[in-house]
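Participant: Take this structure first; my questions come after.
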Amino acid sequence: MSDLLKLSLDDVSAKLKGKEVSATELAQEAFAACQTAQPALNAFTAFDEEKTMAMAKAADERLARGEGGLLEGVPLAIKDLFAVKGVDTAASSNILKGFKPTYESTVTSKLWDAGAVFVAKTSMDEFAMGSSNETANTGPVVNPWKAEGSNESLTPGGSSGGSASAVAADLCFGATGTDTGGSIRQPASFTGTVGVKGTYGRTSRWGVVAFASSLDHPGPFAKTVKDSALLLQAMSGHDPKDSTSLPNDVPDFAAAVGQSVKGLKIGVPKEYRVDGMPAEIDEVWRQGIDWLKAAGCEIVDISLPHTKYALPAYYIVAPAEASSNLARYDGMRYGNRVDGKDLNDTYEQTRGAGFGHEVQRRIMIGTYVLSAGYYDAYYLRAQKVRTRILQDFHEAFDTVDAILTPSAPSAAFGLGTKSDDPISMYLNDVFTVTANLAGVPAMSVPAGLDKAGLPLGLQVITRALDEETMFKVGAALEDSAGFGAKAEKWW
Ligand code: GLN
């Protein structure tokens with residue numbers, strides 16, 4: 001393998017446009033690298049070599065004519081939640097095993113329109129429910145990073161763990177993810193990659209298997225902040241097929257990268273200093289504050305008083321919406337079916353066999369909190385908390401331009417160490433769910449390594465529709481952190 005795959009998306013794009021490398025060569029390298037890594041990392045769920053090579057050939061033809069979009073010829077991996085026409089799309093669930101969509105998701109259509117090349121589908125927690133990629137029907141994904149002196153397999157985080165591992169291991173130049181409660185930002189933090197979700201509605205949900213529709217945000221994983229801006233730009237834009245898609249024009253996100261952050265007010269919320277958080281997380285956060293101060297930002301202590309209710313509210317709203325969205329998997333129209341003795345028995349057997357334990361748990365919680373008698377006490381109350389959380393952000397953004405927090409309460413943990421304890425798994429999302437409940441843009445930027453040599457990320461949150469400030473601040477952190485660390489290659 002040459003060193004081409006180690007380049008950033010932005011740098012490899014320049015080489016493609018300058019004809020120093022062809023899209024075909026690059027696709028061959030990326031495809032081979034993914035295949036080689038698969039037995040060790042288990043990051044992928046489907047390949048389609050013919051499609052990959054045909055897309056690369058078409059990109060080369062456009063490049064030869066001096067044409068080509070923002071991502072022309074760049075190989076990308078796609079989370080198994082996005083419908084890719086003719087390619088297995090199962091949301092890492094047995095209930096959809098073997099399902100090949102006859103249509104393309106809006107986000108992937110936009111990526112292909114920008115010239116990107118499909119390289120593989122990536123594994124995820126089943127239906128995007130999880131924080132460790134251990135609930136995938138194809139088994140856990142392995143993080144390319146290992147703690148110093150240890151051979152233990154670590155989680156890449158979840159639910160978009162396959163995408164995070166693929167980008168961290170330099171198997172492709174970017175990947176899609178979805179973030180409902182942190183599923184892009186937490187795996188980005190665990191793998192030393194950049195992970196972004198824009199404002200709710202910036203990227204279309206059409207053709208993305210639904211988890212919790214009012215919280216689902218498609219977004220990118222990338223190696224650098226600039227790459228993430230280019231990817232989000234290509235993915236974004238109004239889509240009449242998604243009723244919550246924003247009509248707003250998409251700014252030139254990449255142009256914000258590298259702009260001065262001097263004079264920006266950065267909020268540091270006291271509620272994110274949670275009990276039991278490792279000292280190293282606190283340390284990297286303090287470091288981030290110092291970097292932004294040195295870059296000319298003004299640091300402001302702020303309060304987001306309802307933060308402590310965010311996680312419980314999320315774990316009511318998300319399962320409630322999931323229980324409704326997942327009702328469609330009944331074995332009648334598509335997906336797998338287990339024939340029973342009558343219709344009800346067929347439904348029961350199909351859903352019992354098709355859904356894994358975590359998905360079943362969410363369906364039960366969701367159905368319970370929506371049921372007559374409990375609706376007001378749980379669902380309605382959680383919605384009220386959600387409004388409060390949104391108000392907290394509105395008030396904070398009256399005085400600050402961006403908010404800085406850690407991305408996750410720990411570094412990557414060992415596979416199997418939390419899978420029997422749902423509450424400790426859910427606690428992974430404590431810093432990320434707030435931005436989903438409020439629908440505001442948020443990203444994770446690699447900021448440093450812990451004592452064991454594992455990556456830690458910092459989160460930047462900005463007001464709705466202000467992704468540009470997020471990218472500016474993210475790039476300033478990236479500059480100061482100078483995070484060039486890579487997982488040592490063992491796969
Ligand atoms: N870990 C969270 C959950 O299990 C978030 C998942 C996500 O963002 N898709 O619900």
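Participant: Helix by helix, which DSSP H runs in the chain go 18 Å or more along their axis at the Cα atoms and have an average Kyte-Doolittle hydropathy of -0.5 or more?
Facilitator: Details: long enough: 23-41 (26 Å, 0.26); 49-64 (22 Å, -0.65); 279-294 (22 Å, -0.47); 310-325 (22 Å, 0.44); 357-370 (20 Å, 0.11); 381-399 (28 Å, -0.94); 467-481 (21 Å, -0.11).
Answer set is 23-41, 279-294, 310-325, 357-370, 467-481.
Participant: Still on this structure, please answer the following. Rounded to the nearest 5, what is the percent of antiparallel bridges among the DSSP beta bridges in segment 4-262?
Facilitator: Numbers: 11 of 17 bridges.
Here the share of antiparallel DSSP bridges comes out near 65 percent.
Participant: Can you tell me the accessible area per residue over segment 291-352, all protein chains present, probe 1.4 angstrom, in square angstrom?
Facilitator: Values: 3230 Å² over 62 residues.
Spelled out: the 1.4 Å probe surface of segment 291-352, per residue, equals 52 Å².
Participant: Once you have the Cα-Cα distance between THR387 and ASP479, take 0.36 nm times their residue separation minus that, and quote the gain in nm to one decimal.
Facilitator: On the way: separation 92, 0.36 × 92 = 33.12 nm, distance 3.53 nm.
Separation in residues times 0.36 nm, less the Cα-Cα distance, equals 29.6 nm.
Participant: Counting only protein heavy atoms and using a 1.4 Å probe, what share of the accessible area of the chain belongs to carbon plus sulfur, as a whole percent?
Facilitator: Details: 9290 of 18230 Å².
C and S atoms contribute 51 percent here.
Participant: May I ask for the net charge around GLU148, where only other residues with Cβ less than 13 Å from the Cβ of GLU148 are counted and Lys, Arg are +1 while Asp, Glu are -1?
Facilitator: Details: positive: LYS146, LYS451; negative: GLU152, ASP450, GLU488.
Local net charge: -1.
Participant: Right, next: Taking Cα pairs under 8 Å and at least six residues apart, what relative contact order does the chain come out at, in percent? Numbers along the way, then the final one.
Facilitator: Numbers: 1215 pairs, mean separation 87.1, N = 491.
Across the chain, relative contact order equals 18 percent.
Participant: Continuing with this model, one more query. Indicate the gyration tensor shape class of segment 4-262 (rounded, prolate or oblate), computed on the Cα atoms with a ≥ b ≥ c the square roots of the eigenvalues: a/c under 1.5 is rounded; otherwise a/b larger than b/c is prolate and the rest oblate. Spell out each step's value before the answer.
Facilitator: Values: a/c = 1.25, a/b = 1.12, b/c = 1.12.
It comes out rounded by the Cα gyration axes.
Participant: Of all trypsin sites (Lys or Arg not before Pro) in segment 285-367, which ones are in loop regions per DSSP and have a Cβ with at most 15 other Cβ atoms within 10 Å?
Facilitator: Sites meeting the loop and neighbour criteria: ARG333, LYS341.
Participant: May I ask for the Rg/Rh ratio of the chain, computed from Cα atoms with Rh as the Kirkwood radius, given to two decimals? Could the numbers behind the result be given before it?
Facilitator: Numbers: Rg = 21.2 Å, Rh = 22.2 Å.
Expressed as Rg/Rh, it is 0.95.
Participant: Still on this structure: Normalised by the number of residues in segment 4-262, what is the relative contact order in percent for Cα pairs under 8 Å and 6+ residues apart? Spell out each step's value before the answer.
Facilitator: Numbers: 639 pairs, mean separation 46.9, N = 259.
Relative contact order, segment 4-262: 18 percent.
Participant: I'm checking a number: the convex hull volume of the Cα atoms of segment 287-436, normalised per residue, in Å³. What is it? Display every interim value, and only then the final one.
Facilitator: On the way: hull volume 24.1 nm³, N = 150.
For segment 287-436, the hull spanned by Cα atoms encloses 161 Å³ per residue.
Participant: Sticking with this one: Across segment 374-379, in residue order, what do the Karplus-derived ³J(HN,Hα) couplings come to in whole Hz, using 6.51 cos²θ - 1.76 cosθ + 1.60 with θ = phi - 60° and x for Gly and Pro?
Facilitator: So the J values, rounded to whole Hz, are 10, 3, 5, 5, 10, 4.
Participant: Same structure again: Once phi is turned into ³J(HN,Hα) by the Karplus curve 6.51 cos²θ - 1.76 cosθ + 1.60 with θ = phi - 60°, what whole-Hz value does each residue of segment 217-223 show in order, with x for glycine and proline?
Facilitator: Coupling constants for segment 217-223: 10, x, x, x, 10, 8, 8 Hz.
Participant: How would you classify segment 401-491 from its alpha-carbon gyration tensor, with a ≥ b ≥ c the square roots of the eigenvalues: rounded for a/c under 1.5, else prolate if a/b is greater than b/c, otherwise oblate? List each step's numbers first, then the result.
Facilitator: Working: a/c = 2.76, a/b = 1.21, b/c = 2.27.
Note, shape of segment 401-491 comes out oblate.
Participant: Which whole number in µm²/s is D for segment 251-315 by Stokes-Einstein, with the Kirkwood Rh taken over Cα pairs at 37 °C and 0.692 mPa s? Don't skip to the answer; put the middle values down first.
Facilitator: Numbers: Rh = 14.1 Å.
Rounded to a whole number, D works out at 233 µm²/s.
Participant: Using a Cα-Cα cut-off of under 30 Å, which lysines could be cross-linked to LYS146, ignoring same-chain neighbours fewer than 8 residues away?
Facilitator: Partners within reach: LYS6, LYS79, LYS121, LYS197, LYS223, LYS226, LYS418, LYS451, LYS486, LYS489.
Participant: Let me ask another. State the dimensionless ratio Rg/Rh of segment 335-397 (Rg: radius of gyration of Cα atoms; Rh: Kirkwood radius).
Facilitator: Values: Rg = 18.0 Å, Rh = 14.5 Å.
Here the Rg-to-Rh quotient is 1.25.
Participant: Oh, and also: Taking the DSSP beta bridges in the chain as the whole, what percent of them are antiparallel, to the nearest 5? Don't skip to the answer; put the middle values down first.
Facilitator: Working: 27 of 40 bridges.
Roughly 70 percent of the DSSP beta bridges within the chain come out antiparallel.
Participant: Here's a follow-up. Between GLN259 and GLU348, with labels modelled 7 Å along Cα→Cβ, what's the label distance in nm to one decimal, could you check?
Facilitator: Between GLN259 and GLU348, the label points sit 6.0 nm apart.
Participant: Quick one: grab Rg to one decimal and Dmax as a whole number for segment 220-344, Cα atoms only, in Å.
Facilitator: 22.2, 70
Participant: Cut-off under 16 Å on the C-alpha distance; same-chain residues fewer than 8 positions from LYS262 excluded. Which aspartates and glutamates are left, in chain and number order?
Facilitator: Hits, sequence-local ones excluded: ASP290, GLU298, ASP401, GLU468, GLU478, ASP479.
Participant: Using 17 Å as the cut-off for backbone N distance, which residues of segment 177-193 belong to the label zone defined by a point 7 Å from the Cα of GLU152 along Cα→Cβ?
Facilitator: 190-191
Participant: Whole-Hz Karplus ³J(HN,Hα) for segment 428-435, in order, using 6.51 cos²θ - 1.76 cosθ + 1.60 and θ = phi - 60°, x for Gly and Pro?
Facilitator: Ordered by residue, 3J(HN,Hα) equals 4, 8, 4, 8, 9, 4, 4, 5 Hz.
Participant: Taking amide H atoms as placed 1.01 Å from N in the peptide plane, list the residues 5 or more away in sequence, or in a different chain, whose amide H sits under 5 Å from that of VAL300.
Facilitator: Excluding prolines and chain starts, which carry no amide H, the hits are ILE266, GLY267, VAL268.
Participant: Name the long-range amide H neighbours of PHE44: under 5 Å, sequence gap of 5 or more, or other chain; modelled H, no Pro or chain starts.
Facilitator: For PHE44, the qualifying residues are SER123.
The values are calculated or read from the model by the stated rules, or taken from the named source; none is laboratory data. Just so we're clear, the structure is a prediction, and the values are computed from it rather than from any experiment. Here the Cβ is made from the backbone with ideal geometry for all residues, glycine too, and neighbour counts use every protein chain on show. Just the protein is used for accessible areas: all its heavy atoms, side chains included, with ligands, DNA and RNA removed. Shrake-Rupley method; radii C 1.70, N 1.55, O 1.52, S 1.80 Å.
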